[in-house]
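The values are calculated or read from the model by the stated rules, or taken from the named source; none is laboratory data. Everything numeric here is computed off the predicted structure, so don't read it as measured data. Don't worry about glycine lacking a Cβ; one is built from the backbone with ideal geometry, like all the others, and counts go over all protein chains shown.
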Amino acid sequence: MYRCSVVSAMLALCLFTSIARAQAPRAAYDHYRRASALHQKGDLDGAIADFTEAIRISSSLGNGRRKTDAAFNFDQVKVLDPLAAQAYAGRGLMRYLKREYDEAIEDCSAAVKINPRLSDAYNYRGLCHFAKKDWDAAMNDFNRAVATDPRNAEAINNRGNVHSEKGDFARAIADFDQTLKLKPSLARTLYNRGSARREMGDQEGALRDFEQALALDPRLAHGYYGRGLIRCDREELDQGLSDFSRAIELNPRLAAAYANRGLTLMRQSKDVQALDDLERAVALDPSLKEDLAKRVEFVKQWRERRR
């Protein structure tokens with residue numbers, strides 16, 4: 001069986017659905033709610049601004065004075081209300097989505113300092129460590145998120161992805177199974193489990209997961225991408241290309257889909273088209289460059305052997 005593919009995990013996250021209730025002024029809650037709404041609209045900068053205001057209002061300066069100008073120094077803040085913890089975590093999530101990982105880690109660390117039992121803050125910080133490929137730090141945070149809230153399905157899913165990155169696919173599948181018991185409709189977790197099953201050689205189980213993920217969410221780009229991998233594993237190259245193209249149509253920034261479509265086109269000796277896809281993949285994710293170079297060489301050798 002031919003196997004030469006680039007994989008892509010799906011992390012899980014969700015913004016808090018409830019807000020801590022304590023002595024914060026109503027204005028702080030209003031900013032928090034508006035930040036959440038702006039996040040849903042994709043306005044990350046606007047959300048950050050409102051989370052920042054929620055933090056400011058929920059806090060006070062150590063000398064008892066408040067400042068409202070741009071020079072407000074958060075290092076001098078004494079937190080008065082647990083809403084600030086959720087606002088820090090929310091702002092951290094927005095910064096994660098903007099790929100500002102170090103700043104996001106700082107925000108999430110501030111959140112758990114205020115409220116050490118805020119499970120989602122550990123999850124968000126773990127996402128940042130995952131993005132930075134610091135698997136041990138990510139695992140530590142996801143474990144803490146689950147220890148704090150054993151029903152945090154998103155954190156369990158994300159921990160499964162760390163197991164996959166470490167090559168421990170059996171543990172990964174166990175985490176994905178647990179996630180799906182808590183939230184059976186998480187299509188991204190079905191995709192992740194399918195990917196782990198494929199790595200363990202269970203093509204049938206992987207295909208079932210990818211198909212079920214697409215049944216739950218027909219616009220899940222990763223679902224088509226995963227199914228495309230299976231089809232190419234089975235030498236169904238045209239069907240695989242169709243799935244990769246659909247994945248790209250739904251998510252034009254899915255670098256792994258361009259990479260695998262390019263590799264598949266190379267298998268069909270369509271090198272000009274393949275080069276366009278491979279270059280696009282590296283432009284979207286420069287970390288793929290070295291790995292793709294090895295895989296391109298592998299395909300070239302594979303073609304030579306088949307002549």
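For the residues ALA283, ALA213, ALA259, ALA247, the requirement of being surrounded by fewer than 24 Cβ atoms within 10 Å (Cβ to Cβ) and out of contact with any Cys (no Cβ under 6 Å at 6 or more places or on another chain) singles out ALA283. Across the stretch 115-137, not a single residue is classified as part of a helix (DSSP H, G or I) and over 18 Å from the mean Cα position of the chain (by Cα).
Of the residues in the stretch 103-121, not one is crowded, with 21+ Cβ neighbours inside 10 Å and closer than 22 Å to ASP209 by Cβ.
For the stretch 9-43, filtering for residues that are crowded, with 16+ Cβ neighbours inside 10 Å, modelled with pLDDT under 85 and farther than 12 Å from GLU53 by Cβ leaves 9. Taken together, ARG261, ARG306, ARG280 contain a single residue that is modelled with pLDDT under 95 and out of contact with any strand residue (DSSP E or B) (no Cβ under 6 Å at 6 or more places or on another chain), which is ARG306. When each of ALA172, ALA147 is tested for being assigned to a helix (DSSP H, G or I) and either among the acidic types (Asp, Glu) or over 17 Å from ARG188 (Cβ atoms) (or both), the lone residue that passes is ALA147.
Taking residues in the stretch 157-168 that are farther than 17 Å from ASP120 by Cβ, and partners anywhere that are among the basic types (Lys, Arg) and surrounded by 24 or more Cβ atoms within 10 Å (Cβ to Cβ), not one pair has Cβ atoms closer than 6 Å while being at least 6 places apart or on different chains. Filtering the stretch 200-254 to residues that are aliphatic (A, V, I, L, M) and either over 21 Å from ARG267 (Cβ atoms) or in contact with a Ser or Thr (Cβ under 6 Å, 6 or more places away or on another chain) (or both) leaves MET200, ALA213, LEU214, ALA215, LEU216, LEU220, ALA221, LEU229, LEU237, LEU241, LEU250.
The set of residues in the stretch 223-267 being within 15 Å of ALA281 (Cβ to Cβ) and under 17 Å from the mean Cα position of the chain (by Cα) consists of TYR225, ALA247, ASN251, PRO252, ARG253, LEU254, ALA255, ALA256, ALA257. Only one of the listed residues (LEU182, LEU237, LEU186, LEU207) is surrounded by fewer than 17 Cβ atoms within 10 Å (Cβ to Cβ) and more than 28 Å from ASP276 (Cβ to Cβ). That residue is LEU182.
Exactly one residue out of GLU204, GLU165 is charged (D, E, K, R) and farther than 23 Å from TYR258 by Cα: that is GLU204.
The sole residue among ARG261, ARG253, ARG267 that is of a type in the set (Lys, Arg) and touching a residue at least 40 places away in the same chain (Cβ under 8 Å) is ARG267. No other residue among GLU279, GLU235 is out of contact with any helix residue (DSSP H, G or I) (no Cβ under 8 Å at 6 or more places or on another chain) and part of a helix (DSSP H, G or I) apart from GLU279.
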